Protein chains: 2
Amino acid sequence: MRKPTLHDVAAAAGVSYATADRVLNNRGGVAKKSSDRVQAAIAQLGYHRDITAANLSRKRRYRFDFLLPEARGGFFAALAAQLAARVPQHRQLRQDITLRLLPAFDAPALAQAIDTCVVDGVDGLCVVALDHPDVTAALMRARAAAVPVITLVADTGAAARSAYVGIDNRTAGRTAGDLMLLAHRGRAGGLILPVMGSAQARDHADRCAGLHEVAGPTLEILEPLETADDADRLQQMLATALQRHPGITGIYNLGAGVPGLIAALDQHHRAATPAQGSDNASPPRMVVISHELCAPSRGALQSGLIDAVIDQNPGRELDQALRALTRLSDAQPFDPASGVITPAVHFKHNLPPLPADGPDGDT
Amino acid sequence: MRKPTLHDVAAAAGVSYATADRVLNNRGGVAKKSSDRVQAAIAQLGYHRDITAANLSRKRRYRFDFLLPEARGGFFAALAAQLAARVPQHRQLRQDITLRLLPAFDAPALAQAIDTCVVDGVDGLCVVALDHPDVTAALMRARAAAVPVITLVADTGAAARSAYVGIDNRTAGRTAGDLMLLAHRGRAGGLILPVMGSAQARDHADRCAGLHEVAGPTLEILEPLETADDADRLQQMLATALQRHPGITGIYNLGAGVPGLIAALDQHHRAATPAQGSDNASPPRMVVISHELCAPSRGALQSGLIDAVIDQNPGRELDQALRALTRLSDAQPFDPASGVITPAVHFKHNLPPLPADGPDGDT
DNA sequence: CGTTTTTTGATAGACGTCTATCATTTTGAT
DNA sequence: ATCAAAATGATAGACGTCTATCAAAAAACG
């Protein structure tokens, strides 16, 4: 038998189509007895509303707004680019995606942008959250207006959003610990230097804690450098630290500023092997693990300056975020657990292809 | 302005809706002049057919058949389970997915199943291919019947399928090489034992070649064990090999039979540290890398018997395969490059959550 | 020019749902 | 039993596309 329609349900329940419709879209004004019979018929027939037909009828288009921090060529630039690549595809699925760039770390601006979107009547919001009362309050207002809210990459309290999509940063740090332990398998000891943007940043702190949790018992871990995510500062501080601690066997760069990391490593290696021609002949002894796969870190992986990159897989995060928004704004269930992305680990040879302009062309 | 409809196109082209429709669905019987004008209008307005409305009207349902080898509780069982979990979701998207299990490595059976599906009028096929002339011929027949064919996990010649979805096994082997090198960073030498199912199997051979390519120059690599993917044989052979080569520093299990691997390792460790209580105190010196994330390999990762698992991410593969089928059977472009999945590397702490029954519930 | 062919237009009904309206029936309270 | 309120039924038009049919117009042909 073919898929049942609402007409079938109405017939089975012994009511008119209109009544079945009233129940399905709970418009009220239905006697409980009738309502129950319709519900029963729905369950019995295994009826599922044809969402495409419904959307066609309502002329419904979903409007999803993404509020991302303005990119300085790093991770968020890549994220924005990947989002842009998905726009045409989702346009065909009746989903209009708008990308709004905001000054980074500006909580009032973010809060205001959220309010604006809600007033404008978006169907869903995706936000890189800041752990700030203004933002939380704005998110609560959005939720109060029944707008699904996804926090992306950075979370807030669970009450202020429908779901979080991103990696568990503690897990990422633990994974770095796994890698460090593996790379120190053959050595006696080990001295790890964590490099972070700021100890204030929740995600950085979590990563650092994860590293300690896993590698701490076995390896010695230095006080982390705090670079404020500035490439130049990173380079300076790292150079100094490498001089001061010649015994360093591993570096874990868990913040931004990969170019600075590379510059410092480059310089350090050059100093260590002044007249050596081939890179292959003397591989760096230090183990270098960094976060976020981007052009500089790809290059460093390939040249051997970095050994492994832990990536949060922005493409996958966007897909999950969009999926969550779609389902939530259709009032379908979305398992918040499926928003947690497993960090990917990349080495020299399992680099994903550079994302093309779009996953596919249009037509 | 709202999204243009075919009516708009017809108006812009100065023809009737009927003519525009004839052009769009090229039914023929249209003068070239009119056809050109319609095409121009389509391009100019940026018209895109509303596929959902079209499908609604045609009562179209996609029928996609998946031909998978019968699972013996390993990788293909997981694949089948994940596919089953996706069925209800795609049912709502007008996609009827049928899973057909076939005896493993039976080329004639596979070829016949393919023919049957084509005769039955499937809209798309997804096949774990065998490199056999019968299979290739059947696939060519399918393609001749304009049925999109995706090869999953195992490929054939490019001519016989629309796209391949799966990992590049050479890449996977290279990644194992990366890991081995990393784990041997602190040691003088290294002796690696590859364990494979059969040197005949293309995927196994590729993985082995990748390992040699990357780790070969630096580490010594033994002749691979060939276990025919049998857990018991694997255990036997591995135990023997470990006795014969006490200097082994790394094992790369690139085939099936993880339980056998675990058993052999367990036994070996017990023999090595007879009266030692705590596992933490003396971590195994050998580096063990295996393929395919499944219950046994998860357990072994967590207990520390295995250090890393290279996984081909069956869930992602299925998603890509379904995407490819959808697009191809709508005559939309699909970039074959996007079918190549980057192998994921898992350690003790970045294990993905066990896939639930379905990515989400239904309703 | 008349006749056949080709091309075009007009239109109706379907797909499954939504929204709205109006008439009718049932219920509950008085 | 009376009357208002609540519940239900019937139905029509829309959403954007597909399919089909029939008549009308245009082109090609001898």
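Quick one: check the C-alpha center-to-center distance for segment B:1-64 versus segment A:1-44, whole angstrom.
36 Å
What's the whole-number percent of alpha carbon pairs in segment A:169-311 lying beyond 26 angstrom?
Result for the distance tail: 15 percent.
Can you list the HN-Hα couplings for segment A:250-261, worked out from phi with the Karplus curve (6.51, -1.76, 1.60; θ = phi - 60°), rounded to whole Hz and with x for Gly and Pro?
Residue by residue, segment A:250-261 yields x, 10, 10, 8, 9, x, 8, x, 4, x, x, 4 Hz.
If all Cα-Cα distances of the protein assembly as shown are sorted into 10 Å bins from 0 onward, what percent lands in each bin, rounded to whole numbers?
So the P(r) values, bin by bin, are 3, 13, 21, 23, 20, 13, 6, 2, 0, 0.
Taking the dipole about the Cα centre of segment B:169-311, with the C-beta of Lys and Arg at +1 and of Asp and Glu at -1, give me whichever of B:Gly173, B:Gly304, B:Ala256 is farthest to the positive side.
Of the options given, the answer is B:Gly304.
Starting from the Cα coordinates of chain B, work out the convex hull volume and express it per residue in Å³.
With only Cα atoms used, chain B gives 182 Å³ per residue.
Taking Cα centroids, how far is segment A:112-140 from segment B:310-327 in Å?
Taking the Cα centre of each part, segment A:112-140 and segment B:310-327 sit 34 Å apart.
Where nothing but the Cβ of Lys and Arg (+1) and of Asp and Glu (-1) is charged, how large is the charge dipole of chain A around its Cα centre, in debye to the nearest 20?
In debye, rounded to 20, chain A gives about 1420.
Counting Lys and Arg as +1 and Asp and Glu as -1, what is the net charge of the other residues whose Cβ lies under 11 Å from the Cβ of A:Ala201?
My count for the surroundings of A:Ala201 gives -3.
Excluding residues on the same chain fewer than 8 positions from A:Lys32, give the aspartates and glutamates whose Cα lies under 16 Å from its Cα.
A:Asp21
Of A:Lys3/A:Lys33; A:Lys59/B:Lys59; A:Lys3/B:Lys3, which sit over 21 Å apart, Cα to Cα?
A:Lys3/A:Lys33; A:Lys3/B:Lys3
Based on the Kirkwood radius over alpha-carbon pairs, what value in µm²/s does the Stokes-Einstein equation return for the translational diffusion coefficient of segment B:6-49 at 10 °C and 1.306 mPa s?
Translational diffusion coefficient: 162 µm²/s.
What is the spin-label model distance, in nm, from B:Val119 to A:Ala137 if the labels are put 7 Å beyond Cα along the C-beta direction?
7.2 nm
Can you check what the Kirkwood hydrodynamic radius comes to for segment B:45-198, Cα pairs only, in Å to one decimal?
18.1 Å
Farthest toward the dipole's positive end in chain A, which of A:His291, A:Ala231, A:Pro88, given Cβ charges of +1 (Lys, Arg) and -1 (Asp, Glu) about the Cα centre?
A:Pro88
Could you work out [θ]222 nm for the protein assembly as shown from helices alone, using -39500 (n - 2.57) per DSSP H run of at least four and dividing by all its residues? Round to the nearest 500 deg cm²/dmol.
The per-residue figure over the protein assembly as shown is -14500 deg cm²/dmol.
Along the charge dipole of segment A:6-49, Cβ charges K/R +1 and D/E -1, which of A:Ala11, A:Asn25, A:Ala40 sits furthest on the positive end?
A:Asn25
Rounded, prolate or oblate for segment A:179-257? Axes are the square roots of the Cα gyration tensor eigenvalues, ordered a ≥ b ≥ c, and the cut-off for rounded is a/c under 1.5.
The shape class here is oblate.
Separation between the B:Asn26 and A:Ala158 pseudo-spin-labels, each 7 Å from Cα along Cα→Cβ, expressed in nm?
5.6 nm
List the relative contact order of segment B:169-311 as a percent without decimals, with contacts defined as Cα pairs under 8 Å and 6+ residues apart.
Once normalised by length, the contact order is 24 percent.
Using every Cα-Cα pair within segment A:151-208, state what percent have a distance larger than 12 Å.
So the portion of pairs separated by more than 12 Å is 72 percent.
Charges only on Cβ, +1 for Lys and Arg, -1 for Asp and Glu: so what's the dipole of the protein assembly as shown about the Cα centre, in debye to the nearest 20?
Charge dipole of the protein assembly as shown: 2300 debye, to the nearest 20.
Please give the FRET efficiency for B:Leu101 paired with A:Gln112, using the beta carbon to beta carbon distance and R0 = 60 Å, rounded to the nearest 0.05.
Once rounded, the FRET efficiency stands at 0.60.
Sequence gap at least 6, Cα distance under 8 Å: using those rules, report the relative contact order of chain B to the nearest whole percent.
Rounded, it is 14 percent for chain B.
With an 8 Å cut-off on Cα pairs and a minimum separation of 6 or more residues, tell me the relative contact order of segment B:1-121 in percent.
Rounded, it is 21 percent for segment B:1-121.
Cross-link partners among lysines for B:Lys348, C-alpha distance below 23 Å, same-chain residues fewer than 8 apart left out?
Correct list for B:Lys348: A:Lys348.
Using the 10 angstrom Cβ neighbour count as an exposure proxy, how do A:Val214, B:Val258 rank, fewest first?
Final ranking by Cβ density, sparse to dense: A:Val214, B:Val258.
Under a point-charge model restricted to the Cβ atoms of Lys and Arg (+1) and Asp and Glu (-1), what is the dipole moment magnitude of segment B:6-49 relative to its Cα centre, in debye to the nearest 20?
With Lys and Arg at +1 and Asp and Glu at -1, about 160 debye.
Which shape class applies to segment B:75-115: rounded if a/c is under 1.5, otherwise prolate when a/b exceeds b/c and oblate if not, where a ≥ b ≥ c are the square roots of the Cα gyration tensor eigenvalues?
Oblate shape, in that a/c is at least 1.5 and b/c is the bigger or equal ratio.
Where a number appears in this text, it was derived from the coordinates with a stated rule and is not lab data. None of the values given here were measured: they were computed from a predicted structure. Counting neighbours? That spans all protein chains shown, and the Cβs are built from the backbone with ideal geometry, glycine included.
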